[in-house]
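Nothing in this text is a laboratory measurement; each read-out follows from the coordinates by a stated rule. Because the structure is predicted, anything quoted here is derived from the model rather than measured. FYI the Cβ positions are ideal-geometry reconstructions off the backbone, even for glycines, and counts take in every protein chain you see.
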Amino acid sequence: MYDGNHLAHRLAAAGAPDKVFATQPARPDITYAALFEGAERIAGVLAGAGLAAGDRVAVQVEKSIEALQLYLGTVMAGGVFLPLNTAYTGAEVDYFLTDATPRVVVCDPAREAEIAPLAGNARLFTLGADGSGTLSQAAEAREPGFEAAARGADDLAAILYTSGTTGRSKGAMLSHANLSSNSEVLRDFWRFTPDDVLIHALPIFHTHGLFVATNVALLSGCALHFLPKFDADAILDAMPGATALMGVPTFYTRLLDDPRLTRERAASMRLFISGSAPLLAATHEAWEARTGHRILERYGMTETNMNTSNPHDGERRAGTVGVPLPGVKLRIMDGDREVAQGEIGVIEVRGPNVFQGYWQMPEKTAEELRPDGWFITGDQGFIDADGYVTIVGRAKDMVISGGFNVYPKEVETEIDAIDGISESAVVGVPHPDLGEAVIAAVVRADARLTADDIAAALENRLARFKQPKAIRFLPELPRNTMGKVQKAALRADYADLFDRSDRGSTQPGRGK
Ligand code: MLC
Ligand code: AMP
């Protein structure tokens, strides 16, 4: 039934119909057959709402099986899935909907009144964490069965927005083959089979939880422990009997904080995978000492899915992101010159995983995607003699906080727009729980302005994970002779702001 649809055909091929696809706390288990039947009903609803091939379906909903069915249903209906972080404020959602002009918008029932005016001419449905809402009502009213829309390898399947260095988010366009090829490679590289039981505690609005975890599970026909979010208790409960976990480094540091994490509890596990942010070698070592497992670290991004991975069978080298995945080419560049082996430069990648460009931003696409297909990642690294890649920094001004990316420019623009602010500089500093935390150095024109005033002004403008965890007032920003703000100096000044021995303390106070 899905033959003519490149991605749907592949995602539906491996799971045995009667097999349980997902177990979930407080909600019933769901089989592969039920997963796809629900997805077909949703595809029917979308088609009935006028969704034509290539139309966007913008989705800001809590994690649920129905949300996964919405992803699959969108692909089946020939649409382009556009997931949005649930933390985004109305102001942020407004930008995405204006930019992407979706045909259908799906939001949480609790935010319907707020999102409806932003949805414009799009058809609006609601979907709650428990599966309730107008989308499920419409789906239940339909007959099962849907003839998937014909879509080829190069047609778009998804647009994922990534923040931009200029402050304007860019929609990364991913084709059916971008997604299928990468997930097939990962399934094989990581040896996923129907016998696996993957603990899924990541959000499903980003590459990691949606395309890496979900697509790999579907393509291997394995089962998921589908958890609504990260919860150390739930993960530790799920671990006996499970075989794999995928997470950001914060997952691993938080689990290490729990004495219930033991070798015995991890006895059935075969694979712990980390990515989206750098995993400290110390975390890798502590994990091995506690559980006997060496975490497998891999490296990817929204525009490319996964690029490199430590090996399943060979040496998993702490502090490295492993070797280029089969079919992915990787080189280290200094501008237009490839550097000598072992030297540091900007990482570029090419392969079937590399995206189709940024939605309606040809000039941004041209800046980062070379005409011959090499994508300039903005990450800095080197390749050692036996092919392992180490990431040493970022050429792009970006903070990764708990696996979420924050572009300082976006935060600075919002702070600078507040009355009484002269200027600001936003940087990331080490944080014991989140890896990096966003902080702001601010110069006031109005000395009465407090840090709380700034926090209040940002409240409805920026998602909370982008809001500074500390605000410091300065008489002026440090600048070099060219007048450029010296962010490295700020990072050094505030490197110890979050006491590394005081894990989990995220609020050192916004101002002083
Ligand atoms: C939550 N908060 C954060 C935050 N997450 N602040 C900064 N950075 C974050 N990442 C804030 C909330 O706004 C809230 O603030 C408070 O922390 C508690 O919220 P919570 O929802 O209870 O947080 P928690 O469940 O502890 O979440 C932390 C987390 C989560 C690390 C588990 O952020 C997470 O699941 N991150 C994964 C992100 C991810 O999937 N990245 C992949 C991107 S794809 P307040 O002030 O209201 O108390 C990619 C490509 C690749 O990068 O290679 O994979
Ligand atoms: P995103 O735009 O959310 O897809 O984030 C992608 C970025 O996350 C990459 O460009 C890297 O900077 C970073 N990243 C992903 N995986 C790793 C990793 N294993 N180590 C270091 N950085 C990583």
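Taking the empirical scaling 2.2 N^0.38 Å for compact globular proteins as reference, segment 212-305 has a Cα radius of gyration ratio of 1.05. Couplings 3J(HN,Hα) for segment 308-316, derived from phi with the Karplus relation 6.51 cos²θ - 1.76 cosθ + 1.60 (θ = phi - 60°), are 9, 7, 5, x, 6, 9, x, 6, 8 Hz, where x marks Gly and Pro. Here the label points at Asp334 and Ala52, each 7 Å from Cα along the C-beta direction, are separated by 5.2 nm in the simple model. Counting only the Cα atoms, segment 1-132 fills a convex hull of 103 Å³ per residue. When DSSP beta bridges are restricted to pairs lying wholly in segment 1-108, around 25% turn out antiparallel. With both labels modelled 7 Å from their Cα along Cα-to-Cβ, the His312 to Arg270 distance reads 0.7 nm.
Approximating the spin labels as points 7 Å out from Cα along Cα→Cβ, the Met1-to-Ser422 distance works out to 6.6 nm. Dividing the Cα radius of gyration of segment 417-506 by its Kirkwood radius returns 0.97 for Rg/Rh. Between Asp237 and Ala91, the FRET efficiency estimated from the beta carbon spacing at R0 = 51 angstrom works out to 0.85.
Annotation: amide H-H contacts under 5 Å for Arg394 (H modelled 1.01 Å from N, sequence separation of 5 or more, or interchain): Gln380.
Restricting attention to segment 326-360, which GluC sites (Glu not before Pro) occupy a DSSP loop and are surrounded by at most 14 other Cβ atoms within 10 Å? The qualifying sites are Glu343. DSSP assigns beta bridges within the chain; of those with both partners inside it, close to 60 percent run antiparallel. Peptide packing for 454-466, 146-158 was compared via the average number of neighbouring C-beta atoms within 10 Å per residue; ordered from the highest value, the list is 146-158, 454-466. Panel order for Tyr95, Tyr299, by other beta carbons found within 10 Å of each beta carbon, from fewest to most: Tyr95, Tyr299.
Using θ = phi - 60° in the Karplus curve 6.51 cos²θ - 1.76 cosθ + 1.60, the 3J(HN,Hα) couplings for segment 5-21 round to 10, 3, 7, 4, 4, 6, 5, 8, 6, 8, x, 5, x, 7, 6, 6, 7 Hz; x is entered for Gly and Pro. Distance from the C-alpha centroid of segment 243-299 to that of segment 38-97: 32 Å, rounded to the whole angstrom.
Can you spot the aspartates and glutamates whose alpha carbon is less than 20 Å from Lys63's alpha carbon? Ignore those fewer than 8 places along the same chain. Those aspartates and glutamates meeting the cut-off are Asp29, Glu37, Glu40, Glu92, Asp108, Glu112, Glu114, Asp130, Glu140, Asp231, Asp233, Asp237.
Among Cys222, Cys107, the order by Cβ neighbours within 10 angstrom, fewest to most, reads Cys222, Cys107.
Taking amide H as placed 1.01 Å from N in the peptide plane, the amide H of Ala437 sits under 5 Å from that of Val429, His431, each at least 5 places away or on another chain. A straight Cα-to-Cα reach below 25 Å connects Lys364 with the lysines Lys170, Lys329, Lys396, Lys409, Lys466, Lys484, Lys487, residues fewer than 8 places away in its own chain not being considered. Per the Debye calculation on the chain with a single equal scatterer at every Cα and no solvent contribution, log₁₀ I(q)/I(0) for q = 0.08, 0.10 Å⁻¹ amounts to -0.50, -0.80. Taking the inverse of the mean 1/r over every pair of distinct Cα atoms in segment 156-250 gives a Kirkwood hydrodynamic radius of 14.4 Å. Compared with the direct C-alpha span, the chain from Glu363 to Gln137 gains 77.1 nm at full extension, assuming 0.36 nm per residue.
Show me the GluC sites (Glu not before Pro) within segment 268-317 that DSSP assigns to loop and that have at most 14 other Cβ atoms within 10 Å of their Cβ. The qualifying sites are Glu315.
Between Lys19 and Ala110, the FRET efficiency from the beta-carbon distance, with R0 = 25 Å, is close to 0.15. Each residue in Met76, Met1, Met398 was given a count of other beta-carbon atoms within 10 angstrom of its own, and listing them fewest first yields Met1, Met398, Met76. Dipole of the chain computed with +1 at Lys/Arg Cβ and -1 at Asp/Glu Cβ about the Cα centre; of Ala122, Cys107, Ser276, farthest Cα towards the positive end is Ser276. Rounded to the nearest 5, the antiparallel percentage of DSSP beta bridges internal to segment 145-249 is 50%. Does segment 313-470 come out rounded, prolate or oblate, given a ≥ b ≥ c as the square roots of the eigenvalues of its C-alpha gyration tensor, rounded meaning a/c under 1.5 and, failing that, prolate meaning a/b above b/c? Prolate. The string of couplings for segment 431-446 from the Karplus curve (6.51, -1.76, 1.60, θ = phi - 60°) is 9, x, 9, 9, x, 10, 10, 7, 10, 10, 9, 10, 10, 9, 8, 10 Hz, one whole number per residue in order, with x for Gly and Pro. Among 134-145, 81-92, 243-254, the peptide with the highest mean count of other Cβ atoms within 10 Å heads the list, and the full ranking is 243-254, 81-92, 134-145.
When Lys and Arg each count +1 and Asp and Glu each count -1, what net charge do the other residues less than 12 Å away from Ala122, Cβ to Cβ, add up to? Net charge in that neighbourhood comes out at +2. Near Phe21, the amide H atoms lying under 5 Å from its own belong to Ile30, Thr31, Tyr32; only residues 5 or more places off or on other chains count, and H is placed 1.01 Å from N.
Rounded to the nearest 500, the 222 nm mean residue ellipticity of the chain from helices alone is -7500 deg cm²/dmol, with -39,500 (n - 2.57) taken per DSSP H run of at least 4 residues.
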